[in-house]
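Beneath this line is the structure, given in structure tokens, with notes to follow.
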């Protein structure tokens with residue numbers, strides 16, 4: 001490992017800590033903000049969400065968490081790709 005790659009590792013760690021994404025359901029009843037690695041920062045529910053059944057709400061919440069995680073990981077991967085040139 002070269003000195004340059006050590007700098008890159010520190011930068012990747014910093015970017016991983018700063019990167020997050022939010023996914024919102026089509027009906028805006030559920031939104032989730034997640035960092036890479038399924039680190040859930042926040043889940044929000046509108047009044048509409050509480051009209052859903054428990055299974056539907058649970059499924060929608062998990063779907064939004066998964067979508068936000070995928071977005072955050074894609075964003076982090078793009079940052080790393082640009083760093084490597």
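Structure above, values below:
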{"read-out": "Identity of the residue in region 42-62, part of a strand (DSSP E or B) and touching a helix residue (DSSP H, G or I) at 6+ places or on another chain (Cβ under 9 Å), that ends up farthest from residue 77 (Cα to Cα)", "value": "45"}
{"read-out": "Which numbered condition residue 12 fails, given (1) touching a helix residue (DSSP H, G or I) at 6+ places or on another chain (Cβ under 9 Å); (2) closer than 24 Å to residue 77 by Cβ; (3) in a helix (DSSP H, G or I); (4) modelled with pLDDT of 95 or more", "value": "(4)"}
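The values are calculated or read from the model by the stated rules, or taken from the named source; none is laboratory data. Because the structure is predicted, anything quoted here is derived from the model rather than measured. Here Cβ is always computed from backbone atoms with ideal geometry, including for glycine, and neighbour counts include all displayed protein chains.
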